[in-house]
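Colleague: Once you've had a glance at the structure underneath, I'll fire off some questions.
The values are calculated or read from the model by the stated rules, or taken from the named source; none is laboratory data. Please read these numbers as outputs of a predicted model, since none were measured by experiment. We place every Cβ from the backbone using ideal geometry, glycine too, and count neighbours over all the protein chains shown. Remember, those area values only see protein heavy atoms, side chains included, never the ligands or the DNA or RNA. Shrake-Rupley method; radii C 1.70, N 1.55, O 1.52, S 1.80 Å.
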Amino acid sequence: MGEVVEDSSAMSPPVAAPPMQMQYNSPSLSRKPLLLIEHPNSATIKTPTSNSRTPNFITPLGSPIRRAIKMSKLDPHDAWLPITESRNGNAYYAAFHTLCSGIGIQALLVPIAFTVLGWTWGVISLTVAFVWQLYTLGLLVQLHESTENGMRYSRYLHLFTDTFGDKMANIFAAFPIMYLSGGTCVALIIVGGGTMKIFYSIVCGGHGCTTKPLTTVEWYLVFTCAAVLLSQLPNLNSIAGVSLVGAITAVGYCTIMWLVSVREGRLEGVSYDRVRPASDVVWFFGILNSLGIIAFAFRGHNLTLEIQATMPSSDKKPSHVPMWRGVKIAYLIVAFCIFPVALGGYWAYGRKIPENGGMLSAIYMYHGRDTAPFILGLTSLFIIISVVSSFQIYAMQMFDDMESKYTKKKNQPCPWWLRVISRAMFGYGCFFVAVAIPFLGSLAGLIGGIALPVTFAYPCFMWLKIRKPKKLSLMWWLNWVLGIAGSILSVLVIAAGLYVVIDTGIKVSFFKPE
């Protein structure tokens, strides 16, 4: 497919905590006329017109597609896909999306890692992981636009494919990237539906407002319907407002949890002695599992290039400038959420923090009776809103992949009615998986180890391959060390996940969500 250049103009009883879940398409060219390439079948490609295929009644914040097309001549296929359909993003939108995708329920599990690592190594590991992932995020922002051919890599998988080839991409990148999107959506349905059930119980005083309350599966369905309705927003820029709300509520529930924990004080008899099993093997894999928990708390790298793709770019105003500005703001807030949760949670509960649920389970287990129902209900409501918002940004990557297959085959944009149907099918498909495999969270550590290199290793290797830093220079050594360390960590976490599954087993209960 040919590339077309963009021009430069452009008091109730305690209740149980909800279930927890660990968790190429064509690029466009930069605006350089010399890079213009004619498409051999350009006569057969239907160039986008000023008529939006999305009904006016669902045209939301930040998606003036007509204006975007008038300002720049996008590559036809990119102009038809949800991620690159609108390129009028800015640093604020980048911050909203990055924050919404960067803070998740996984952050509430970090205090569990401290029970094995202890205060010193826990703080060191958390700090190193934060700096490490922020560094690799910066690499991805710089790699979005090639300094050699002017190409914009609007999708993580396309950058990996162009760097290492189709075969390597299919083996090492396709599954982790798609799992981080599709698997996360399934996890969000489990968490969101379970939290809806808890919220209903809190509002009704723990007795139920009806004689026959909804079952867990029915709550999953309620959550899925809300998520599918929101998913009809057409493109990534159009959900900027949704991401803002999701980010605010994520910060809200994280802040409420560590404040409640610290205000209530340390539990009686709390201990900070590191958990050291009799077996050295169990102890070793426990450390690896703890490092995996910390690593999984930082997510969203698989969406970085996609978020940056929504921005206009030119030689004078490259997209990496506003993108990095938005990322720095977002991760400053992420740090102010994750570190207090980890330190405050471990200080308050020590080794007594529940292994299944972390901070969320601890709040309901230890403070369900002496914490105002309003606080518990507000926390649950924030979680629900944040989760349904996060669903949108992770699902958008899947929508883009599905629609790209249609546009490549038909050489025309996906009709709005087909877009509605396909997105609904994806949402209810995730609902089916959530109901069919409710024990998916037991395997999250194992599968998460497979996805870990997307954040900690691949960006380093891609930088070495594309930018070719001087041999034995600081950047050369830094990226080789971090890339290899990330790969080794991934292998070890996978091994630890396998050991945990084999040693402790998993509760297999198909179609029986609790």
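Colleague: Does at least one position in the range 150-157 carry a residue that is modelled with pLDDT of 90 or more and closer than 19 Å to Leu452 by Cβ?
Modeller: Checked against the condition, which is being modelled with pLDDT of 90 or more and closer than 19 Å to Leu452 by Cβ, the range 150-157 yields at least one hit.
Colleague: Residue by residue through the range 243-267, note down the ones that are under 19 Å from the mean Cα position of the chain (by Cα) and either among the basic types (Lys, Arg) or within 16 Å of Cys185 (Cα to Cα) (or both).
Modeller: Within the range 243-267, Ser243, Gly246 qualify.
Colleague: Looking at the range 365-384, which of its residues are open to solvent by 10 Å² or more (accessible area, probe 1.4 Å) and either of a type in the set (Lys, Arg) or not in a helix (DSSP H, G or I) (or both)?
Modeller: Across the range 365-384, the qualifying residues are Arg369, Asp370, Ala372.
Colleague: If Arg299 satisfies every condition in (1) touching a Ser or Thr at 6+ places or on another chain (Cβ under 6 Å); (2) closer than 23 Å to Val123 by Cβ; (3) modelled with pLDDT under 90 but one, which is the exception?
Modeller: Only one criterion in (1) touching a Ser or Thr at 6+ places or on another chain (Cβ under 6 Å); (2) closer than 23 Å to Val123 by Cβ; (3) modelled with pLDDT under 90 is unmet by Arg299, namely (1).
Colleague: Given the options Phe426, Phe432, name the one that is modelled with pLDDT of 90 or more, in contact with a Phe, Trp or Tyr (Cβ under 9 Å, 6 or more places away or on another chain), aromatic (Phe, Trp, Tyr) and in a helix (DSSP H, G or I).
Modeller: Every option except Phe426 fails the conditions.
Colleague: Let me ask you something else. Which of the residues belonging to the range 342-361 are aliphatic (A, V, I, L, M) and surrounded by 24 or more Cβ atoms within 10 Å (Cβ to Cβ)?
Modeller: Result: Ala342, Ala348, Ile353, Met359, Leu360.
Colleague: Determine whether the range 304-324 contains at least one residue that is open to solvent by 40 Å² or more (accessible area, probe 1.4 Å), closer than 24 Å to Val128 by Cβ and assigned to a helix (DSSP H, G or I).
Modeller: The answer is yes; a qualifying residue exists.
Colleague: Give the range 76-87 a look and list any residue that's under 13 Å from Gln308 (Cβ atoms) and open to solvent by 10 Å² or more (accessible area, probe 1.4 Å), or say none.
Modeller: Arg87
Colleague: Among (1) assigned to a helix (DSSP H, G or I); (2) open to solvent by 10 Å² or more (accessible area, probe 1.4 Å), where does Val270 come up short?
Modeller: (1) is the only condition that Val270 fails.
Colleague: Oh, and also: Scan the range 328-337 and tell me whether some residue there is open to solvent by less than 10 Å² (accessible area, probe 1.4 Å) and not in a helix (DSSP H, G or I).
Modeller: no
Colleague: For residues in the range 443-484 being open to solvent by 40 Å² or more (accessible area, probe 1.4 Å) and either in contact with a Pro (Cβ under 6 Å, 6 or more places away or on another chain) or closer than 17 Å to Val131 by Cβ (or both), which is modelled with the lowest pLDDT?
Modeller: Ile450
Colleague: Can you say whether Leu233 is under 24 Å from the mean Cα position of the chain (by Cα) and open to solvent by 60 Å² or more (accessible area, probe 1.4 Å), as far as the supplied structure shows?
Modeller: In short, no.
Colleague: If you don't mind, there's one more thing I want to ask. Taking Leu452 as meeting all but one of (1) out of contact with any Ser or Thr (no Cβ under 8 Å at 6 or more places or on another chain); (2) closer than 23 Å to Ser181 by Cα, write down the number of the exception.
Modeller: It is condition (1) that Leu452 fails.
Colleague: Then there is this: Being of a type in the set (A, V, I, L, M, F, W, C) and either surrounded by fewer than 21 Cβ atoms within 10 Å (Cβ to Cβ) or in a loop (DSSP other than H, G, I, E, B) (or both) is the requirement here; does Cys225 meet it?
Modeller: Yes.
Colleague: Residues that are crowded, with 22+ Cβ neighbours inside 10 Å: find the helices (runs of 4 or more DSSP H) completely inside the range 109-210 holding 3 or more of those.
Modeller: Passing ranges, in order: 110-143, 156-164, 184-203.
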